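Please read the structure below before turning to the comments.
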Amino acid sequence: MGKPSAPKQPDPIAVAGAQTASNVETAREQARLAMTGQSNAFGTLDYVKDPNSPSGYRAVTKLDPAQQALLDQQRVLQGTLGDTAGLSLDRFKDTIGTPFDLNAARGTEISDIQKTFLDPQWSQQASTLENQLINKGIRPGSKQYQIAMSQFGQQKDNAYNRMFLDAYNVANNAALTERNLPLSDYSTLMGFNQPISGAPGNVSTPTPGVSTTPVGQYTYDSYNIANQNRQNQQAGLYGLAGTLGAATIMSDRRFKEAMVPIGKLPNGLTIWSFRYKGEEGFHQGLMADEVRELHPEAVINMGGVDHVNYEMAVH
């Protein structure tokens, strides 16, 4: 009696390839389910098919007409500011390339203006001081007169020195301000010339969870089950033939119910699981009508009921 054929063992490379293909398809499906179109007061976000994208789709943002008009205006303004900033930068480069000049002439000009106010004041103060000294009996040429006039002269010199220093500082600050104006203008323009954001402010959508199908596990589980069934079938067939021997068993299909095929003999006959009508419990065996087609000599009719000689039938 032959043995039931063993199931073909899965090819590991083929199984790995099938698992990889399943993983890629699952990832694509997860990405597709997450591509939820959105719409708000700023515009819309849609996903369109794109064969050049790994997911097969690309996101397209479209602003509301009013928002698009504002964006276009901002871009025009940005270009204008950029041109103006470029001109300002050229001025700044020219200024930086020119050595800084404190412009002493400007300081002299300022001090000359201030002297027109100070000279009459100090002249008046000198006349007043001289009259006061004479009224006190202090005559020109005397020691006290010389001391008083010397102190007055020192005060006058200090006042004029302060005036000259103030004029120098004013001229210096004016020159620095003039020098820094191009840079200040450029910085101000660049502050206005900020990048434009055209995103419609869409919110994130939940990412759906799609579990990867364990193709590899299913393949090997199916193989193991088939192999175990073969071993069980082989053990059952040998046990059946060894137990029955040359016995003749009632195998007429008309007296059986709940019939389910569970395997095949090497000669092609089907092994059935069944229950005899009116009885409890299941049995395993052959059907007489099928045995008659292959081994008619193994079928014996007794009283109108077909029986099968199993030793003859299984060979």
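Here are a few things to note about the model shown:
- Every residue from the stretch 48-58 that is modelled with pLDDT of 85 or more and part of a strand (DSSP E or B): Val48, Lys49
- Which numbered condition Arg253 misses (of (1) modelled with pLDDT of 90 or more; (2) closer than 14 Å to Tyr310 by Cα): (2)
- Only residues that are in contact (Cβ under 8 Å) with a residue 12 or more places away in the chain and not hydrophobic (A, V, I, L, M, F, W, C) were counted across the stretch 150-167, and they come to 3.
- Subset of the stretch 74-122 [modelled with pLDDT under 65, among the polar types (S, T, N, Q) and within 41 Å of the chain's Cα centre (by Cα)]: Ser88
- Ser22 vs. criteria open to solvent by less than 40 Å² (accessible area, probe 1.4 Å), of a type in the set (Gly, Ala, Ser) and touching a residue at least 40 places away in the same chain (Cβ under 8 Å): yes
- Among residues of the stretch 29-64, those that are in contact with a Phe, Trp or Tyr (Cβ under 8 Å, 6 or more places away or on another chain) and without any contact (Cβ under 8 Å) to a residue 40 or more places away in the chain, counted: 12
- Residue check for Ala14: out of contact with any helix residue (DSSP H, G or I) (no Cβ under 7 Å at 6 or more places or on another chain), part of a helix (DSSP H, G or I) and more than 30 Å from Asn267 (Cβ to Cβ): yes
- All of Tyr168, Tyr218 fail the test of being out of contact with any Gly (no Cβ under 7 Å at 6 or more places or on another chain), modelled with pLDDT under 80 and either of a type in the set (A, V, I, L, M) or open to solvent by 40 Å² or more (accessible area, probe 1.4 Å) (or both), apart from Tyr218.
- Some residue of the stretch 272-283 being closer than 15 Å to Val314 by Cβ, modelled with pLDDT under 95, within 60 Å of the chain's Cα centre (by Cα) and surrounded by 14 or more Cβ atoms within 10 Å (Cβ to Cβ): yes
- Put simply, of Ile147, Ile134 the only residue that is open to solvent by less than 70 Å² (accessible area, probe 1.4 Å), modelled with pLDDT of 85 or more and in a helix (DSSP H, G or I) is Ile134.
- Within the stretch 289-303, considering residues that are in contact with a helix residue (DSSP H, G or I) (Cβ under 7 Å, 6 or more places away or on another chain) and part of a helix (DSSP H, G or I), the one most open to solvent (accessible area, probe 1.4 Å): Glu297
The values are calculated or read from the model by the stated rules, or taken from the named source; none is laboratory data. This structure is a prediction, so every number in the text was calculated from the model and none was measured. Glycine gets a Cβ as well: all are built from the backbone with ideal geometry, and neighbour counts include every protein chain shown. The accessibility values were calculated without ligands, DNA or RNA, using every heavy atom of the protein model including side chains. Shrake-Rupley method; radii C 1.70, N 1.55, O 1.52, S 1.80 Å.
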